[in-house]
There are 2 protein chains.
Amino acid sequence: MVRVGLTTERLIRAGAELADEAGFDHVTVAALARRFDVKTASLYSHLKSSQDLKTGIALLALEELADRGAAALAGRAGKDALAALANVYRDYAREHPGRYAAAQLRLDPETAAASAGVRHAQMTRAILRGYDLTEPDQTHAVRLLGSVFHGYVSLEMGGGFSHSAPDSQETWTRILDALDATLRNWPAP
Amino acid sequence: MVRVGLTTERLIRAGAELADEAGFDHVTVAALARRFDVKTASLYSHLKSSQDLKTGIALLALEELADRGAAALAGRAGKDALAALANVYRDYAREHPGRYAAAQLRLDPETAAASAGVRHAQMTRAILRGYDLTEPDQTHAVRLLGSVFHGYVSLEMGGGFSHSAPDSQETWTRILDALDATLRNWPAP
DNA sequence: TCTATTTGCCTATAGGTATTAGGCAGATGC
DNA sequence: GCATCTGCCTAATACCTATAGGCAAATAGA
């Protein structure tokens, strides 16, 4: 009975790797146990439940994403900042599809409020400082940007844009151009 | 041994109802069997697998959505058409959250090509006839609209906009205004 | 109407996942 | 060096998916 040195931390990190390799929906307590060459039941000393594991991966992903976003935004403003943050999401999803999928997990309100999710909203709002929007319009714009980032990345990852011209990168650039123009010329009600 | 009269058709339709009531991820062959007061194994005469059931629900949802879209677009053009199709997605997701979630299921290429999914792309393209866009820009715009519709609806359903002002309906209206303006003034590369 | 065939739903079975309870043996503290 | 703690184990329960083979109800043919 060799002790492998399991930790909640290590398990969640390994779970994130498993998610990226096999897909988030293949993340199971059993699969994770196999990865450590340990019996499934052993993980329950460190994890409350399967849901707990998934939530942990989601929180990790949200944090990594927020860190990358903060780094990308530093020293940038306006369209530059817009494109930088947008690319953080898209690139992260391509590098870490499983983690990105985890980040979409619906969290219960308390967990969400304590997560890095709030930093994401703040970062998007920070971008809008480079544009001239009134307060309620800022919220509308935050929601628009969130929708486009999430929507585009999720459709792209689902293969929606794979087999047709023009290629996805071209569209992505043009969509960021369009969003920039929209924010500069935000229509009155 | 009373025969209940199971059919693939009936099973998929009941599965869609189950999805709306309990959530798409609670749709299982076992749960569906309980609903018909029948043993789980009995469903395998009509369904190849659990995946088969889920795919069936997805195809049903895509078709219902496409039908609603076609009806909504009839006789409309420009911003009117844009708002009509957008509302079809949003309303459908609210009325049938389970089916809507099913429609996001990733289908294998052949299945997708034979699905109502292609009608969705056609409808979005049809909207763009009311705007003045060159061919490649039309594709970019189709992808933008798809991203916003899907992204917004999915964030809204995840509760992302629930507990903050202004309310979601207001934002939705303003986003449609912004999209209309963007399409009318699509920026050159 | 009676018989023969089809077929719908059943039982039995095997294997996968989640989760809890209780046990033994390394690791740790005095 | 001994006592305690704690990490991983075995055992057990309860689902879920899926396949194989059986019996009886429905259907077709005479």
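Values in this text are rule-based calculations from the coordinates and carry no lab data. If you're wondering where the values come from, they're calculated on a predicted model, not measured in any experiment. In this analysis, Cβ positions are derived from the backbone assuming ideal geometry, glycine residues included, and neighbour counts consider all displayed protein chains.
Summary table
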{"quantity": "Pseudo-label separations to other copies for B:E9 - Cα-to-Cβ vector, 7 Å, nm", "calculated": "6.0"}
{"quantity": "FRET E, pair B:T28, A:N185, Förster distance 51 Å, beta-carbon r, rounded to 0.05", "calculated": "0.55"}
{"quantity": "Student exercise, chain B dipole from Lys, Arg, Asp, Glu Cβ charges, in Debye to nearest 20", "calculated": "440 debye"}
{"quantity": "Per the axis that maps chain B onto chain A, nearest residue of B (Cβ criterion) and its distance in Å", "calculated": "B:G151, 1"}
{"quantity": "Label geometry 7 Å along the beta-carbon vector: A:E21 inter-copy distances in nm", "calculated": "4.1"}
{"quantity": "Inter-copy spacing of A:H163 label points, which lie 7 Å from Cα along Cα→Cβ, given in nm from shortest upward", "calculated": "4.4"}
{"quantity": "Partner lysines for B:K39 [C-alpha distance under 21 Å; skip if fewer than 8 residues away on the same chain]", "calculated": "B:K48, B:K54"}
{"quantity": "About the Cα centre, charge dipole magnitude for the protein assembly as shown (Lys/Arg +1, Asp/Glu -1 at Cβ), debye", "calculated": "720 debye"}
{"quantity": "Separation between Cα centres of region A:1-71 and region B:129-159, rounded to whole Å", "calculated": "35 Å"}
{"quantity": "Residue among B:Y131, B:T28, B:V153 farthest towards the positive dipole end of chain B, charges placed on Cβ", "calculated": "B:T28"}
{"quantity": "Gyration tensor over alpha-carbon atoms, the protein assembly as shown, equivalent ellipsoid semi-axes in Å", "calculated": "35, 30, 18"}
{"quantity": "From the C-alpha gyration tensor of region B:8-184, square roots of 5λ in Å", "calculated": "33, 19, 12"}
{"quantity": "Relative contact order (%) - criterion: Cα under 8 Å, at least six apart; region: chain B", "calculated": "21 percent"}
{"quantity": "FRET efficiency, 1/(1 + (r/R0)^6) with R0 56 Å, evaluated for A:H163 and A:R129 via beta carbons", "calculated": "0.90"}
